[in-house]
Amino acid sequence: MMKIHNARHLFGLIALVTFSALVSQSQAPQSRAGNPADARTQEVTLNAATRHPIIDAAIKILNQYYTDADVAQKMADALLAHEKNGDDDAATNGEFLADLLTRQMKNVSHDRHLAMEYSRNKIPEGPPGPPSEIIAQFREDMKKSNCTFEIVRILPHNIGYLKLNSFPDPSICQASAAAAMAKLNNVDAIIFDLRDNRGGDPKMVALMATYLFDHPTHLNDIYNRAENSTQQSWTREPIPGNKLADKLAYVLTSASTFSGAEEFCYDLKMLKRATLVGETTRGGAHMTDAHRIDDHFRIFVPEAKPINPISKTDWEGTGVEPDVKVKAADALEMARRLAESKLHKSQAVSK
């Protein structure tokens, strides 16, 4: 798997509910939460002369890094047209401008990971990333939340149930993943509940998928425009003692399932390894990096995209269609019924 900078919001700037949520609380949206008394904070007053360098820098970054060059140019043209037409004139403060430019870019790209952000606090120069205290807070939050492995349970008929609300960094949460999966190792079928999962680290996506295969399996290819490179993502080597590789698998989805959670769904669907039950997912496939514009503005640009080796595409803008469409609230009951029916038929045949 190619290197994606954890500190720059893995696989889902907007929706990631673990690391990126902490980063954004700490840095990006401090226009809302910053303490005006803090000497580091400063409300920026904007006019045409001070807006232009921000717009110009955003255009250059889009044209250099955005994963689709044609779409990048269309966004650039739109930003310039809005500026020329005076559509930005009402944006006299940083937060308003950031929100406005984000809307203008998304109206063209429809990319759910793309965003301009404003901070009252000065954005540090150099490689973007959260300070050490934020990393420490993230680790503490992961510890308190069991790394978002919210529910691990065995349902009637020996069906395993795992409610996972993000795909956290395995360098921090691999032990939690192993403990959860060990509790479900002897089930006859397994249900992954991703209805409240907004994404996370692609390495954890690959790790969790590993439990469903008895051999290394090609998940997707990752194309990075800035590096002009394509690298493959595979499951890991088989996990010693794992008994789930040949068991029935179901994944619950909702309209809120996003980003890395969608990758898990899409990869397994293309490989015909799991049955998806629920609603079409939100539709965010791109991987995002942060670029500092000045002391108070930065832009999060999708620079890489997965390309599934089977479909030759991804789920950006369309979401992942479930195999069995039901309301999200009914997905667990439906998956249970499907699993029970198949297990009953299998047991009847074996007799």
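The values are calculated or read from the model by the stated rules, or taken from the named source; none is laboratory data. Just so we're clear, the structure is a prediction, and the values are computed from it rather than from any experiment. For neighbour counting, all protein chains shown are included, and Cβ atoms are generated from backbone atoms with ideal geometry for every residue, glycine included. Heavy atoms of the whole protein, side chains included, go into the accessibility calculation; ligands, DNA and RNA do not. Shrake-Rupley method; radii C 1.70, N 1.55, O 1.52, S 1.80 Å.
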Next on the checklist: I'd like the accessible area for H286: 1.4 Å probe, protein heavy atoms, all chains in place, Å² to the nearest 10.
Outcome noted: 10 Å²
Checklist entry - Taking only protein heavy atoms and a 1.4 Å probe, what accessible area per residue, in Å², does the stretch 294-337 have with all protein chains in place? => result 45 Å²
Checklist entry - How high is the FRET efficiency from H110 to E340, r the C-beta distance, R0 30 Å, rounded to 0.05? => result 0.15
Next on the checklist: About the Cα centre, and with charges only on the beta carbon of Lys, Arg (+1) and Asp, Glu (-1), how big is the dipole of the stretch 278-341? Nearest 20 debye, please.
Outcome noted: 120 debye
Checklist entry - Carbon-plus-sulfur fraction of the accessible area of the chain, 1.4 Å probe, in percent? => result 50 percent
Item to check | Largest-first principal axis extents of the Cα set of the chain (Å) | outcome: 80, 41, 36
Next on the checklist: Pick from L271, L219, L207 the residue whose mean-square fluctuation is largest in a GNM of the chain, springs joining Cα atoms under 10 Å.
Outcome noted: L271
Checklist entry - What Cys residues in the chain are without a partner cysteine, judged by a Cβ distance under 4.7 Å? => result C265
Checklist outcome for this item: At q = 0.20 Å⁻¹, the log10 of I(q)/I(0) for the stretch 40-103 from a Debye sum over equal Cα scatterers comes to -0.78
Item to check | Accessible solvent surface per residue of the stretch 124-211, calculated while the other protein chains remain in place, 1.4 angstrom probe, Å² | outcome: 41 Å²
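Once the Cα gyration tensor of the stretch 283-351 is diagonalised, what are the square roots of 5 times its eigenvalues, in whole Å and ordered largest first, as equivalent ellipsoid semi-axes?
In descending order, the three semi-axes are 43, 16, 10 Å.
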